[in-house]
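Some notes on the structure that comes next.
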Amino acid sequence: MKSHFMDLLVSLILVISMGCIVSGGDPTQGFTPVPLTAANFALQKPYDIPLDERYSYKDGVHKLWVYADDKPHDPSSNTQPRTEIRIKGLDYHSGVWQFEGYGFVPNGTSGATVAQIHGAAKGATTLILRIYNGNMRYYDGALVAEDMYDKWFRLNIIHNVDRGFVTVFINGEKRFKVKDQGPGDLYFKCGVYAAPADISYYMESMWRDIKIYKK
Ligand SMILES: *[C@@H]1O[C@H](CO)[C@@H](O)[C@H](O)[C@H]1NC(C)=O
């Protein structure tokens, strides 16, 4: 009798823990990976500086850096300096899309957008994720995650264009959800893009295992 009860208890615990694993879920669950080639990774960097002075790719790691007094990516642009990977050839206008990448931001980099969704019905962007003093913020506002310096983190961004919201996961954990800015010509970017204010002189981020998924 007692051992039956123990069996039942063990089974119950197994069922509950498996349920937790399933509902805890991976953000990419139910999504299909989109095949990427080098052609899907377009680099933007200060227009007057050779790429290899702001970007390197070694052992699968993209390293991107920029200085506060660098020029914009285009001589006709008035935007802040950047060195960014722009996911190219996969611009989206509807549906459910997801960016995944492992990022690393060194202590000292501040006021830098490290990932974004470019495009919106109005304005230039749908999502800006910035590092200020080690914390990740939505633009210069809501706190998304703390204590981000000097460690690799997994970033997943899900953009449900049809339902009009964006969800951000750090290390598989849902950390932030926000209404999007309406449909547009949308694409993902990562790297370093100086904020309008409160920026460190040197900005750097590294990225590996970048993937794009859709539903
Ligand atoms: C970043 O570096 C500064 C200066 O070396 C140090 O005081 C600070 O504790 C570091 N912060 C983190 C989060 O490691």
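Read-outs: derived from the displayed coordinates by stated rules, not from any lab. All figures in this text were calculated on a predicted structure; none of them were measured in a lab. Ideal geometry is used to build each Cβ from the backbone, glycine not excepted, and the neighbour counts take in all protein chains shown.
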With a ≥ b ≥ c from the Cα gyration tensor eigenvalues, square-rooted, and the rule rounded for a/c under 1.5, otherwise prolate when a/b > b/c and oblate otherwise, region 41-137 is rounded
Can you tell me the order of 80-86, 94-100, 173-179 when each peptide is scored by its average per-residue count of other Cβ atoms within 10 angstrom, highest first? 80-86, 94-100, 173-179
Packing-ranked peptide list from 193-206, 33-46, 143-156, highest mean Cβ count within 10 angstrom first, is 193-206, 143-156, 33-46
Rounded tilt (10° steps) of 2-24 against the dominant C-alpha axis of the chain: 20 degrees
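With a cut-off of 8 Å between alpha carbons and a minimum separation of six or more residues, what is the relative contact order of region 102-166 in percent?
Relative CO of region 102-166 lands at 32 percent.
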Row for region 47-100, column shape: gyration tensor on C-alpha, a ≥ b ≥ c, rounded if a/c < 1.5 i.e. under 1.5, prolate if a/b over b/c, else oblate; value oblate
What FRET efficiency do you get for residue 77 and residue 139 if R0 is 30 Å and r is their Cβ-Cβ distance, rounded to the nearest 0.05? 0.90
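Which whole-number percent is the relative contact order of the chain (Cα, under 8 Å, 6+ apart)?
29 percent
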So which aspartates and glutamates pass the test for residue 177, namely a Cα distance under 20 Å, with those fewer than 8 places away in the same chain ruled out? 26, 100, 140, 146, 147, 162
Specify whether the C-alpha gyration tensor of region 27-214 places it in the rounded, prolate or oblate class, a ≥ b ≥ c being the square roots of the eigenvalues: rounded for a/c under 1.5, otherwise prolate if a/b is larger than b/c and oblate if not. rounded
I'd like the distance separating the alpha-carbon centroids of region 87-101 and region 34-72, in whole Å. 19 Å
With labels modelled as points extended 7 Å from the Cα through the Cβ direction, what inter-label distance (nm, one decimal) is found for residue 94 paired with residue 34? 1.6 nm
